[in-house]
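Have a look at the structure below before the remarks.
The values are calculated or read from the model by the stated rules, or taken from the named source; none is laboratory data. None of these values were measured; they are calculated from a predicted model. Counting neighbours? That spans all protein chains shown, and the Cβs are built from the backbone with ideal geometry, glycine included.
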Amino acid sequence: MRPVVETVDLTKTYGNATVVDKLNLRIEEGDIFGFLGPNGAGKTTTILMLLGLTEPTSGVARICGYNSTRDPLKVKRLSGYVPEKVGFYEDLTAAYNLTYTARLNGLSEELVMKRVGEALDIVGLSEVGGHKVQEFSRGMKQRLAIADILIKMPKVAFLDEPTAGIDPEGVKEMLGLIARIAREQKMTVILSSHQLPQVQQICNCVGMLIKGRMVVEGKLDQLERDAFGGGRFRVEVQLAETTSALVNCIKRIKGVIGVEKSGDLLLVTCQEDLRPQIAKVIVDNNGLLVQMKIQSYALEDIYMKYFSEA
């Protein structure tokens, strides 16, 4: 399957400084991809090259199979971009700002009105569409920015720090909105952010860029296992009573590598997710299972591990 977003040895230099260094990236359709890295890591430069807004020094960037350098207009029709600092005509209404965007994209007047109304409704701003943008809070402007890219119904959306400067309740609403739009509009989202807990809430894949190099990329659950379990699963099992006989029964399950006790928990290391098999063995041997889950880590732990190694 052709990826929606792809780079091959993508490189950008300014004089003697290499900002993006032979970046290879693949993002599949429907992914919500968390693009992570400290300030100056090259995230925004990468996004600009993908959007065809700046040319790479070498390498290739593609959106939906189109070369971002050779086919920038096609790429722009298929993608939307919300920069960290959103800009609107403050003395015009929200609806008129969106109308202006729709007309710039060559939509008919009939379709303009339809798209503007739909976009305002999706982001929850229908009731204030007639208000001037200068009256809007930071969170409302961010939602309006998402409405702005929805006007052309893009296949891919790039969101650069979309929750910056928003209060906690607004952050919760924004993350929910992004996840819902990605699902309902079948949109691939690339979310650039420093807020690791927020990324972990809605992203199924992440890539960590440090000094222009991608140090790790992949599905979030796989990265957890690679970082702390050597690619293996670790299952946390809590029992009402732990006996050596029950532990030995769990050890004999095919695919179980080891079992160790940690406080009132059993940590079962497996080659795959064996929770159904573990639960069956416990029940068959008259054990009482309190709870069981895959051991998980905060994205911050994963980030710091790879950051320190880089």
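Every residue, every condition in (1) within 25 Å of residue 141 (Cα to Cα); (2) more than 22 Å from the chain's Cα centre (by Cα), yes or no:
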| position | (1), (2) |
| --- | --- |
| 44 | yes, no |
| 54 | no, yes |
| 57 | no, yes |
| 61 | no, no |
| 67 | no, yes |
| 73 | no, yes |
| 78 | yes, no |
| 87 | yes, yes |
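Inside the range 248-282, can you point out the residues that are touching a Gly at 6+ places or on another chain (Cβ under 7 Å) and of a type in the set (A, V, I, L, M, F, W, C)?
Matches in the range 248-282: 270, 274.
Using the structure shown, decide if residue 92 is more than 22 Å from residue 4 (Cβ to Cβ), exposed (fewer than 14 other Cβ atoms within 10 Å of the Cβ) and hydrophobic (A, V, I, L, M, F, W, C).
no
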Taking residue 133 as the residue in question, decide whether it is β-branched (Val, Ile, Thr), surrounded by 13 or more Cβ atoms within 10 Å (Cβ to Cβ), touching a residue at least 24 places away in the same chain (Cβ under 8 Å) and farther than 28 Å from residue 36 by Cβ. yes
Being assigned by TED's automatic domain parsing to the domain that holds residue 166, surrounded by 14 or more Cβ atoms within 10 Å (Cβ to Cβ) and in a helix (DSSP H, G or I): is that true of residue 144 here? yes
Within the range 12-38, work out how many residues are more than 15 Å from residue 210 (Cβ to Cβ) and in contact with an Asp or Glu (Cβ under 6 Å, 6 or more places away or on another chain). 1
Going through 58, 68 one at a time, which residue ends up being more than 25 Å from residue 304 (Cα to Cα), buried (at least 23 other Cβ atoms within 10 Å of the Cβ) and in contact (Cβ under 8 Å) with a residue 12 or more places away in the chain? 68
Any residue at all in the range 99-109 that is over 29 Å from residue 215 (Cα atoms), touching a His at 6+ places or on another chain (Cβ under 9 Å), modelled with pLDDT of 95 or more and among the β-branched types (Val, Ile, Thr)? no
